[in-house]
1. Taking the stated definitions as given, is SER89 over 21 Å from HIS292 (Cα atoms) and without any contact (Cβ under 8 Å) to a residue 60 or more places away in the chain?
2. Among the residues of region 135-145 satisfying the criterion of being crowded, with 19+ Cβ neighbours inside 10 Å and out of contact with any Cys (no Cβ under 7 Å at 6 or more places or on another chain), which is nearest to CYS107 (Cα to Cα)?
3. Which count do you get for residues in region 166-209 that are at pLDDT below 75, of a type in the set (A, V, I, L, M, F, W, C), more than 19 Å from TYR118 (Cα to Cα) and part of a helix (DSSP H, G or I)?
4. Sort out for me the strands (runs of 3 or more DSSP E) sitting completely within region 235-297 that have 1 or more residues that are small (Gly, Ala, Ser) and at pLDDT 85 or above.
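The values are calculated or read from the model by the stated rules, or taken from the named source; none is laboratory data. Note that the structure is predicted; figures quoted are calculated from it, not measured. For neighbour counting, all protein chains shown are included, and Cβ atoms are generated from backbone atoms with ideal geometry for every residue, glycine included.
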Amino acid sequence: MVANEFLDVFLDDLSGTPPNREIEFKIDLFPGTSPISKTPYRMAPTELHELKQQLQELLDKGFIRPSVSPWGAPVLFVKKKDGMLTNPSGTSGYVIYSDASLKGLGCVLMQNGRVVAYASRQLKPYELNYPMHDLELATVVFALKIWRHYLYGERCEIFTYHKSLKYFFTQKELNMRQRRWLELVKDYDCVISYHLGKANVMADALSRKSAGSSAALIATQKEIMWDLENFNIEVVNAGSDGFLGMIVVQPTLIERIKKEQIDDGNLRKIMEDVAAGKRVSFSVSDDGVLWHGERLCVPNSVDLKNEILSEAHKSLYSVHPGSTKMYRDLRVHYWWVNMKRV
């Protein structure tokens with residue numbers, strides 16, 4: 001700040017190195033100390049050519065002069081620590097992909113289709129009680145804070161897979177935490193857009209860790225393949241010698257829940273509120289399934305609830321948990337009205 005008050009002292013352009021002057025300069029050494037004699041490391045021909053070219057360029061511009069000293073420092077080429085990241089330019093704007101999970105927050109800063117930086121952190125204890133809408137919003141605030149030196153004053157587009165965040169700037173009913181975040185977000189020239197969750201793979205990977213919960217009842221493709229191997233079931237291509245005698249296909253749990261969600265009056269009303277932007281803690285996925293954060297909304301069906309409870313209690317992987325433990329495990333993946341009373 002002091003230098004800005006005396007700009008006339010500084011030259012606008014340096015024409016070269018300062019003129020030679022006689023000055024007194026000394027370095028105090030311990031008695032008997034001698035210059036360190038060390039053979040410089042051998043350079044590859046390409047490195048030596050690059051070094052000579054850069055030195056000659058600096059000599060031609062007058063930025064350096066030849067010097068001979070027994071205390072000279074060797075020249076080393078230092079590679080970038082991470083060549084996969086690009087140096088940002090302050091004129092092209094930025095794009096942020098953000099995602100939140102029950103474990104943490106993750107975001108990716110990009111420019112011109114290339115990654116500038118990654119960031120992630122675990123949830124703080126009090127954040128574990130946040131609804132998913134607030135967790136997604138906390139990820140946006142987290143990204144704006146840590147990359148303020150990049151984003152402040154620059155155009156920025158933030159992609160999130162939580163669709164209701166698009167209406168954050170026009171939402172009328174906000175709690176105190178959301179109002180505080182709104183004031184921070186308004187300081188930036190940014191817009192929040194919706195991005196498919198399955199396409200937002202980078203930020204999703206940063207925000208998630210394997211839960212390892214005994215209530216992980218929704219099987220993934222890899223787990224299904226493991227089950228097929230355990231039962232010695234071979235999957236063969238059509239036209240081979242394999243033969244399938246009989247197979248009975250039952251609708252998956254999610255498909256059954258999806259079908260009965262439409263018939264459930266309470267859940268159907270919540271879907272309508274989500275479409276109108278009134279229920280920020282709920283969301284409807286691309287395949288039409290209603291979710292409460294990352295918890296699957298179960299219709300008021302006795303058969304469905306009993307099947308979920310029976311699987312959680314009688315499964316070989318559940319080790320017969322108590323009611324409180326089973327409730328805590330199930331609430332990670334499922335939600336229904338008065339869930340704890342069942």
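1. On the way: over 21 Å from HIS292 (Cα atoms): yes; without any contact (Cβ under 8 Å) to a residue 60 or more places away in the chain: yes.
Here the answer is yes, as SER89 does meet what is asked.
2. The qualifying residue nearest to CYS107 (Cα to Cα) is VAL140.
3. Keep residues of region 166-209 that are at pLDDT below 75, which gives 166-167, 169, 195-209.
Then drop every residue that is not of a type in the set (A, V, I, L, M, F, W, C), which leaves 169, 196, 199, 201-203, 205-206.
Now restrict to residues that are more than 19 Å from TYR118 (Cα to Cα): 169, 196.
Adding the requirement that they be part of a helix (DSSP H, G or I) leaves 169.
Residues in region 166-209 being at pLDDT below 75, of a type in the set (A, V, I, L, M, F, W, C), more than 19 Å from TYR118 (Cα to Cα) and part of a helix (DSSP H, G or I): 1 in total.
4. Working: elements: 282-284, 290-292, 295-297.
Those strands (runs of 3 or more DSSP E) span 282-284.
Residue-by-condition table, conditions (1) modelled with pLDDT under 85; (2) exposed (fewer than 11 other Cβ atoms within 10 Å of the Cβ); (3) among the charged types (D, E, K, R):
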residue	(1), (2), (3)
SER37	yes, yes, no
LEU59	no, no, no
PHE63	yes, no, no
PRO70	yes, yes, no
ASP82	yes, yes, yes
LYS103	no, no, yes
